[in-house]
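Asks: Here you go, one structure.
What follows is calculated from the coordinates using simple rules that are stated; it is not laboratory data. For clarity, every value in this text was computed on a predicted model and none was experimentally measured. A quick note on method: Cβ atoms are made from the backbone with ideal geometry, for glycine too, and the neighbour counts reach across all protein chains shown.
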Amino acid sequence: MRRKIIAGNWKMNKTVVDGQALVGEIKKEVGKVNDPVVLVCPPFTALTEVAMALKDSEIQIGGQHMHEADSGAYTGEISAEMLLTSGCTYVILGHSERRALFSETDKLVNAKAQKALAAGLIPIVCVGETLEQRESGAMEKVIEEQISGSLDSLSESDMKKTVIAYEPVWAIGTGKVATPEQAEEVHVYIRRLLAKTYGDETANEVTILYGGSVKASNADGLFEKENIDGALIGGASLKADEFTAIVKAMM
Ligand code: PGA
């Protein structure tokens with residue numbers, strides 16, 4: 001049985017006070033839910049207070065990014081240990097915004113994933129093609145490169161822990177959700193790529209989330225698909241009623 005996850009990526013939104021209020025609402029509705037795993041990824045500044053607010057609940061906390069080094073002269077960065085000791089169990093890595101706006105490469109994402117796993121954090125590694133890549137027929141090649149580069153030399157047991165998020169860049173924040181069929185097709189493709197390296201058994205255990213304009217109104221169709229194990233949600237995760245409705249759609 002694959003772990004199901006509904007994850008909220010708050011991006012650069014919510015102050016400490018706003019974040020506490022949001023998780024207060026979420027906790028009331030789904031605080032005792034552990035299947036799916038309910039995960040919120042606040043900005044770094046709100047991690048500790050959000051963790052405190054969620055202490056008596058099943059809701060997990062994740063970072064949105066981290067540096068691959070243990071510590072040192074990396075102004076503005078944050079380490080795996082800092083995330084862990086702030087209450088995080090997960091960390092989003094290689095989000096398309098990090099790749100596009102902060103020049104993160106597959107090699108860098110791989111270094112971060114290795115570090116996260118070594119530290120005891122579960123990485124959520126994001127992959128996804130642009131519209132141009134999809135329309136020019138390069139989608140499979142792009143996904144294959146991202147998967148092999150970002151997950152390079154992970155052990156089988158680390159691969160089983162790692163979560164993949166398929167987030168087509170053209171669907172992120174655009175309101176243009178992939179159809180359940182389009183998403184399922186890529187999820188199946190990703191699982192086949194994993195099977196080539198790790199075999200069917202491991203590939204079947206890896207949780208693959210879909211992300212890109214997921215809302216309460218389109219979640220049911222996506223979650224009916226066999227290979228869609230949950231969602232990574234941006235905009236709709238900022239509203240308690242939308243987010244909790246998506247969690248309930250997966251229950
Ligand atoms: P969105 O963002 O739900 O606002 O499209 C998804 C993401 O970037 O993870």
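Asks: Hey, got a sec? Which trypsin sites (Lys or Arg not before Pro) in segment 160-251 land in a DSSP loop and have at most 14 other Cβ atoms within 10 Å? It would help to have the intermediate numbers written out before the result.
Replies: Working: sites: Lys160, Lys161, Lys176, Arg191, Arg192, Lys196, Lys215, Lys225, Lys239, Lys248; in loops: Lys176, Lys215, Lys225, Lys239.
Answer in residue order: Lys176.
Asks: Continuing with this model, one more query. Taking the Cα-to-Cβ direction at Thr75 and at Ser157 and moving 7 Å from each Cα, how far apart do the two end points lie in nm?
Replies: The modelled label-to-label distance comes out at 4.1 nm.
Asks: Determine the gain in length on full extension of the stretch Glu29-Thr179; use 0.36 nm per residue of separation and subtract their C-alpha separation, reporting nm with one decimal. Intermediate results must be reported in sequence, preceding the final value.
Replies: Numbers: separation 150, 0.36 × 150 = 54.00 nm, distance 2.79 nm.
Between Glu29 and Thr179, full extension yields an extra 51.2 nm.
Asks: Moving to a separate point now. Under a 10 Å cutoff between Cα atoms, tell me which one of Val38, Val142, Val23 has the largest fluctuation in the Gaussian network model of the chain.
Replies: Val142
Asks: Kirkwood Rh, segment 122-168, all Cα pairs: how many Å?
Replies: That comes to 11.3 Å for segment 122-168.
Asks: To the nearest 0.05, what FRET efficiency results for Glu205 and Thr45 with a Förster distance of 22 Å applied to their C-beta separation?
Replies: 0.05
Asks: Right, here's the next one. How big, in percent, is the set of alpha carbon pairs in the chain lying more than 26 Å apart? Display every interim value, and only then the final one.
Replies: Details: 10487 of 31375 pairs.
Summing the P(r) tail past 26 Å for the chain gives 33 percent.
Asks: While we're here: So which lysines can Lys32 reach, going by Cα to Cα under 18 Å and dropping same-chain residues fewer than 8 places off?
Replies: Within reach: Lys4, Lys55, Lys248.
Asks: Just the ratio, please: alpha-carbon radius of gyration of segment 193-241 over 2.2 N^0.38 Å, N its number of residues. Intermediate results must be reported in sequence, preceding the final value.
Replies: Values: Rg = 13.5 Å, N = 49, 2.2 N^0.38 = 9.7 Å.
Here the answer is 1.40, to two decimals.
Asks: A further question on this structure: Out of Gly31, Gly63, Gly94, any idea which swings most in a Gaussian network model of the chain, alpha carbons joined below 10 Å?
Replies: The residue with the greatest mean-square fluctuation here is Gly31.
Asks: Report the extension gain between Thr105 and Arg3 in nm, rounded to one decimal, defined as 0.36 nm multiplied by the number of residues separating them, less their alpha carbon distance.
Replies: Length gained between Thr105 and Arg3: 34.0 nm.
Asks: With viscosity set to 1.306 mPa s at 10 °C, what whole-number translational diffusion coefficient in µm²/s follows for segment 105-251 from Stokes-Einstein and a Kirkwood radius over Cα pairs?
Replies: 102 µm²/s
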